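Let me begin by presenting the structure, written as structure tokens, before commenting on it.
The numbers here are math on the coordinates, done by the rules we state, and not lab data. These numbers were taken from a predicted model, which means no experiment stands behind them. Positions of Cβ are backbone-derived with ideal geometry, glycine not excepted, and every protein chain shown enters the neighbour counts.
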Amino acid sequence: MVATVIHTRCYSDTGHFKVSPCAIPSQLTDPLIRFIVPQMTGEKPGIVIIGGGIGGLTLALALRARGLSCRVFEAAPEFRPLGVGINMLPHAIRELTALGLEPELKAHGVEAREFAYFNRHGQAIFAEPCGRFAGYKHPHFSIHRADLHKVLFDAARDRLGPDAVRLDHRCAGIEQDAAGVTVRFDNGATATGSVAIAADGFHSAVRRQFHPSEGAPQFGGINMWRGVTRRKPFLTGASVTRIGTVARGKMVIYPIRQFDDGTQLINWNTEQPRDDHKLNNWATPGRIEDFIEPFADWRFDWLDIPRLIAGAEFILEYPMVDRDPIDRWTFDRVTLMGDAAHPMYPRGGNGGAQAILDAEALARRLDQCDDPMAALLAYEDERRDVTSEIVLTNRDQPPDYIIETVDALTGGERFKTIEDVIDPAELAAISDRYKNIARYSLDMVGR
Ligand SMILES: Cc1cc2nc3c(=O)[nH]c(=O)nc-3n(C[C@H](O)[C@H](O)[C@H](O)COP(=O)(O)OP(=O)(O)OC[C@H]3O[C@@H](n4cnc5c(N)ncnc54)[C@H](O)[C@@H]3O)c2cc1C
């Protein structure tokens, strides 16, 4: 029989990766090879991913792209479109483009053109182009989180097979020894592998197992109400706008879906100071009367805010919570990623993006390293300090700090021209500082 020698990934007795030459009959077609090679080589499903959200599914796709086998276990019993808008900046899109997903994202989202900052009177403070319009090699997409999730979910099922993403599997605990990990689920099932990656989000059960004395999330004294409203485009039709300050009422508004009739789905988010908060859950419904007061007269010549809010399809409430950075993510064959590793305030478009960057780093390290435990440590070394700095910066100096700075100088009052208040170069410097910390400056991402 004519045979071709290919290199495939197998595991040694200790569960470590090794690359082995393997003879494949040349007449076997590609899809058959995918199924037969593991049986010929004794390959076993190697990597257990806990959580099928943005980070877990991106990781599955990135591992698959490198020929590494994995399975995803997701707690939700069914795939449901949840959440509201999310910004995917060029650093995240670079990784999703490498996975071949850019056309799908473009079809569902809106390619953002600019960041625009306003005071509570609707006066323009600062604007700068973003994504390709700022010279980046990659676009910036504003997209419904449910659309992003569905693109990842469909791609994972297509490329890894329908069984690779198992729903209704809530992780209840992990055991490990020299041979590998065993993940237990609350439905009684177990999964074994060489390593387990916890992508189980903000309320991570795995993080709780390995950091049992960590307390409740840190509440920043701010509550958010978010919603989506269908209407005609405003400003450029692709502007990511930030308006006002937390103390006097703050909003972030941007389009996330384009419809054939010319209308758009506009995502909006408000922030206001509050003394207490409900448990953070992305599905908690909100009520207009709880937050509308500071925005009641925000009728700008470029957007009527009370009308925007009144037209909402639904409103969700979510507190500004995160957790202090921790000094360890990796415990031998287990590591944390995404919100499980570095839950942060949803500001600056980085909650989802940093989970995607974690996924790329993890897949690369697992691909490059023969020893998967060493790979997990190398991943943590690469990512922990970077993301800790973003967690802390998102508390005090996210990009919105531009508006806080002007508000402090004007006492929240109108100004004649912004140059009377501050040199715009100082505002650009605030934006550039955040880009450097979050790793999405032009030089870091590529032109
Ligand atoms: C329902 C939902 C809606 C969201 N909506 C928005 C939004 O509108 N805007 C925004 O900016 N961010 C939103 N986020 C947060 C955002 O998706 C994350 O901050 C970011 O994508 C980080 O990705 P992640 O993979 O770490 O976490 P997530 O994307 O949150 O994914 C975590 C996944 O783990 C699953 N999970 C949890 N516990 C277990 C367990 N024990 N075992 C197995 N699986 C488990 C969850 O069901 C979830 O699918 C939302 C998150 C969720 C879960």
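Modelled spin-label separation between Glu293 and Ala429, with each label point placed 7 Å from Cα along the Cα-to-Cβ direction: 3.8 nm.
Compared with the direct C-alpha span, the chain from Thr284 to Phe133 gains 50.8 nm at full extension, assuming 0.36 nm per residue. Model label points for Asp420 and Ala98, set 7 angstrom from Cα along the Cα-to-Cβ axis, are 4.9 nm apart.
Sites count as exposed loop sites when they are chymotrypsin sites (Phe, Trp or Tyr not before Pro), lie in a DSSP loop, and have at most 13 other Cβ atoms within 10 angstrom; the longest stretch of the chain without one is 1-258. A cut-off of 5 Å between modelled amide H atoms, ignoring neighbours fewer than 5 places along the same chain, links Phe118 with Ile125, Arg242, Ile243, Gly244. The H on the amide N of Val334, modeled in the peptide plane, is under 5 Å from the matching H of Ala196, each at least 5 residues off or on a different chain.
Compute the FRET efficiency between Met444 and Arg364 as 1/(1 + (r/R0)^6), taking r as their Cβ-Cβ distance and R0 = 22 Å, and round to the nearest 0.05.
Details: r = 16 Å, r/R0 = 0.74.
Once rounded, the FRET efficiency stands at 0.85.
Computed from the C-beta positions of His121 and Phe314 and an R0 of 35 Å, the FRET efficiency is 0.75 to the nearest 0.05.
For the chain, the longest principal axis of the Cα atoms and the long axis of helix 372-396 meet at an angle of about 10 degrees. Scanning residues 5 or more positions from Gly173 or on other chains, those with amide H under 5 Å from its amide H are Arg184, with H placed 1.01 Å from N in the peptide plane. When the chain is treated as a Gaussian network with alpha carbon springs shorter than 10 Å, the biggest mean-square fluctuation among Cys171, Cys369, Cys70 belongs to Cys369.
With both labels modelled 7 Å from their Cα along Cα-to-Cβ, the Leu82 to Ala179 distance reads 3.5 nm.
Just the number, please: Stokes-Einstein D of region 176-295 in µm²/s, Kirkwood Rh from C-alpha pairs, 37 °C, 0.692 mPa s.
In µm²/s, the coefficient is 179.
Note on the chain: Cα convex hull, mean projected area over all directions, 22.7 nm².
For a footprinting-style exposure proxy, rank Tyr254, Tyr345 by other Cβ within 10 Å, fewest first.
Details: Tyr254 25, Tyr345 22.
Placing the least packed residue first, the sequence is Tyr345, Tyr254.
Once the chain from Arg274 to Leu167 is taken as fully extended at 0.36 nm per residue, the excess over their C-alpha distance is 34.9 nm. Were the residues from Asp158 through Asp327 laid out at 0.36 nm apart, the gain over their Cα-Cα distance would be 57.1 nm.
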